[in-house]
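Student: Below you'll find the structure I mean.
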Amino acid sequence: MSIYICIALVIVLVLIFLMRNIKIQQKETGTPFWDIVLILLVFFLLAYILTSLKVFYNTLVKDYIVTTKDMLQILFLFILIIAFFYVLVGFLGKRYTLRVDKFNIGGINVLFDRSNEIYIKTVGTFISSKRSLFNFKRERDNIYEVLNVYYEVYNFIRSNLELLDPIKDKALYSTSVDILKMLNQFLSKHQNDYRRWYDKVISDDEIYSHGKKIVVHETTIERVQKNYYRYAKILKDIDEVNKYMSSQSIRNAFRIKMFDWEEK
């Protein structure tokens, strides 16, 4: 019996790798076609092996329970092996990602899902919480903090981009790269100059506007920022970032339906 099991394992392994690597255009359906075919073939193979074992012929009634038990044990073993290789191939092909979250009272949260699904949920949730990425308010938003947000988003997307397959997830990958390019250009253009100017203003706690002294901590952030020597240009570029990130294509890519800060 052991030799039959070994042969079956080898055949199952070969079938899995062959079926998973056949390049065929499939219709977008909820159930993977090749997964169903693979499961059916494996169970057919299992049935053939079990029925070929003569231990099931001329069996006394008193041995029926023992025989049934053996059969179920073999079946259970095959199911475990199939599941193991299915998951293994999924990990190698970036179809699934196993991620361990923070410890909590209930233990460890384990996420088992498609890599691109995890990327969409993780990145989508993160960027949707950053209002200034979509809607900058001149009268109350601090540009210095906006720069921090854009830098955080840039690093977050870049660090999670490895979850995507550049070929299988071409559209989403391309969109993410475009966001990175846009944020990188913005930060390279404005970050150093503005931070240097702002740090000096905060350190001195005063600024001169049209020959009039303004005490920084006694006025609004809007009035302070208006004195930045490239204020109009940085506002224009922030508006461009907001327009791009608020586009329907970005919302669809990351499945953003509503923001907590949006007016309902």
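Student: Of Ile167, His210, Gln225, which is farthest towards the positive pole of the stretch 153-248's charge dipole, taken about the Cα centre with +1 and -1 on the beta-carbons of Lys, Arg and Asp, Glu respectively?
Tutor: It is His210, whose Cα lies furthest towards the positive end.
Student: Using θ = phi - 60° and the Karplus relation 6.51 cos²θ - 1.76 cosθ + 1.60, list the HN-Hα couplings for the stretch 144-153 in order, rounded to whole Hz, with x at every Gly or Pro.
Tutor: Along the stretch 144-153, the couplings run 4, 6, 4, 4, 4, 5, 4, 5, 5, 5 Hz.
Student: Tally Lys/Arg at +1 and Asp/Glu at -1 over every other residue whose Cβ is under 13 Å from the Cβ of Tyr154; what's the total? Numbers along the way, then the final one.
Tutor: On the way: positive: Lys130, Arg158, Lys181; negative: Glu152, Asp178.
Net of charged neighbours comes to +1.
Student: For the stretch 116-228, what are the per-bin percents of Cα-Cα distances with bins 5 Å wide, up to the bin holding the maximum?
Tutor: 2, 10, 18, 18, 14, 11, 9, 7, 5, 3, 2, 0
Student: Pull up all non-local amide H partners of Ile214: gap of 5 or more, or a different chain, and H-to-H distance under 5 Å with H placed in the peptide plane.
Tutor: Ile207, Tyr208, Ser209
Student: For the cross-link pairs Lys189/Lys233; Lys137/Lys200; Lys168/Lys243; Lys130/Lys257, which exceed 19 Å when the distance is taken from alpha carbon to alpha carbon?
Tutor: Values: Lys189/Lys233 10 Å; Lys137/Lys200 23 Å; Lys168/Lys243 28 Å; Lys130/Lys257 15 Å.
Checking Cα-Cα distances, Lys137/Lys200; Lys168/Lys243 exceed 19 Å.
Student: Here's a follow-up. Under the Karplus relation 6.51 cos²θ - 1.76 cosθ + 1.60, θ = phi - 60°, what is the ordered set of whole-Hz ³J(HN,Hα) values for the stretch 167-180, x standing for Gly and Pro?
Tutor: Values per residue, Gly and Pro as x: 9, 5, 10, 4, 5, 5, 5, 5, 4, 5, 5, 4, 5, 4 Hz.
Student: Also, quick follow-up: Would you mind counting up the charge near Gln191? Only other residues with Cβ under 14 Å from its Cβ, with Lys and Arg at +1 and Asp and Glu at -1.
Tutor: Values: positive: Lys189, Arg195, Arg196, Arg230, Lys233; negative: Glu145, Glu152, Asp193, Asp199, Asp237.
Summing Lys/Arg as +1 and Asp/Glu as -1 gives 0.
Computed from the coordinates by the stated procedures, all read-outs in this text should not be read as laboratory data. All of these numbers come straight from a predicted model, not from anything done at the bench. No Cβ is skipped: glycine too gets one built from the backbone with ideal geometry, and neighbour counts run over all protein chains shown.
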